[in-house]
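*Asks:* Pasting a structure here, questions to come.
The values are calculated or read from the model by the stated rules, or taken from the named source; none is laboratory data. Given the structure is predicted, the values throughout are model-derived calculations rather than measurements. When we count neighbours, we look across all protein chains shown, and the Cβ atoms used for this are built from the backbone with ideal geometry, even at glycine.
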Amino acid sequence: MSGEAPALGMTLAVWAFVCMTLYWFAKVIPADDTPAPEPQPERGTYTIRLRLDHEGRGAPIADSTTAHRGMQLHRNCDRHWCASKRDAYRWLVDNGELTPDSSRFPNDSQPRDSR
């Protein structure tokens, strides 16, 4: 019976040390609630052209050729993020020149991400 008391005391002492250490770290390490900055793309011709292509909205899409060209120029863009590709895609769907694959995206009208 007397052997249990020192073991219990030692366990309590270790737990007290652990709790005090965690409390100390919580006070020393500042809480950083600011979100991480957006990753900056590397500099290069492709990056500069991509930025220039997405800075301003272009002219409204008036015909099939313009819509197809917009889809080709922005083939690497996500249409939920890229306004140019989204406008071209929407024009082609509305005019019956493109049929969305409903098995790929069941709820295709809703964007996946609100960037």
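*Asks:* Go through the residues of the stretch 30-42 one by one and say whether even a single one is surrounded by 10 or more Cβ atoms within 10 Å (Cβ to Cβ) and either of a type in the set (A, V, I, L, M, F, W, C) or modelled with pLDDT of 70 or more (or both). Write out each step before concluding.
*Replies:* Step one: of the stretch 30-42, the residues surrounded by 10 or more Cβ atoms within 10 Å (Cβ to Cβ) are 41.
From what's left, either of a type in the set (A, V, I, L, M, F, W, C) or modelled with pLDDT of 70 or more (or both): none.
Among the residues of the stretch 30-42, not one is surrounded by 10 or more Cβ atoms within 10 Å (Cβ to Cβ) and either of a type in the set (A, V, I, L, M, F, W, C) or modelled with pLDDT of 70 or more (or both), which makes the answer no.
*Asks:* What are the residues in the stretch 65-103 that are exposed (fewer than 13 other Cβ atoms within 10 Å of the Cβ) and at negative phi, if any?
*Replies:* Scanning the stretch 65-103 gives Thr65, Gln72, Arg75, Asn76, Asp94, Asn95, Glu97, Thr99, Pro100, Asp101, Ser102, Ser103.
*Asks:* Looking at (1) surrounded by 11 or more Cβ atoms within 10 Å (Cβ to Cβ); (2) modelled with pLDDT of 70 or more, find the lone condition where Tyr46 falls short.
*Replies:* Against the list (1) surrounded by 11 or more Cβ atoms within 10 Å (Cβ to Cβ); (2) modelled with pLDDT of 70 or more, Tyr46 comes up short only on (2).
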